[in-house]
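> Please read through the structure below; I'll follow up with questions.
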Amino acid sequence: MLFVLAGFTAMGGLVALLAGAYGLRETRRVERAGEPAWALVKAAPQGSTRPLLQFETADGHVLELPSPVPPSRREPLPPGVGVRLSYDPEDPRTIVLLGRQRTLLDRAFMVAGGVLVALGLTLAAVAL
């Protein structure tokens, strides 16, 4: 019974660890290799806390997407201001606000996943 619990704990931790690592990698990839653009901040749609960002891709398409990060006191993202972003040329819906990346959640997933993997391995060692 303890061995099964150890397996589920370790597997859940591994999933969290991999999800955090993937999110962090994708953010860094789009930040470094993406196309830079200026975006106009527009008001958040009703029922949403994230403003819309309107920008033009290198091939002339205009996109309007929700901000990947919510506004904060320090960085409020008021309507009408311009912000720099980077977008994936292969999928322009994948964007990163330059200088406003929030990687804390991805890092927290990685830490929590690592702790759960270690706990699962410890439980497995005790069960043997």
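> Counting just the residues of the range 62-73 that are surrounded by 11 or more Cβ atoms within 10 Å (Cβ to Cβ) and out of contact with any Ser or Thr (no Cβ under 6 Å at 6 or more places or on another chain), which one comes out farthest from residue 48 (Cα to Cα)?
63
> Need the failing condition index for residue 76 against (1) open to solvent by 40 Å² or more (accessible area, probe 1.4 Å); (2) under 19 Å from the mean Cα position of the chain (by Cα); (3) touching a residue at least 60 places away in the same chain (Cβ under 8 Å), just the number.
Every condition holds for residue 76 apart from (3).
> Between a first residue in the range 111-128 that is in contact (Cβ under 8 Å) with a residue 12 or more places away in the chain and a second residue that is assigned to a helix (DSSP H, G or I) and open to solvent by 80 Å² or more (accessible area, probe 1.4 Å), which pairs have beta carbons less than 7 Å apart while being 6 or more apart in sequence or on different chains?
That search, which allows pairs on different chains as well, returns 123/5; 124/3; 127/3.
Results for (1) within 30 Å of residue 2 (Cβ to Cβ); (2) of a type outside the set (D, E, K, R), shown as yes or no for each residue.
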| residue | (1), (2) |
| --- | --- |
| 81 | no, yes |
| 86 | no, yes |
| 91 | no, no |
| 104 | no, yes |
| 114 | yes, yes |
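The values are calculated or read from the model by the stated rules, or taken from the named source; none is laboratory data. These figures come from a predicted structure and were not determined experimentally. Cβ coordinates were reconstructed from backbone atoms using ideal geometry, including for glycine residues, and neighbour counts include every protein chain displayed. Please note that ligands, DNA and RNA were not included when accessible areas were found on the heavy atoms of the full protein model with its side chains. Shrake-Rupley method; radii C 1.70, N 1.55, O 1.52, S 1.80 Å.
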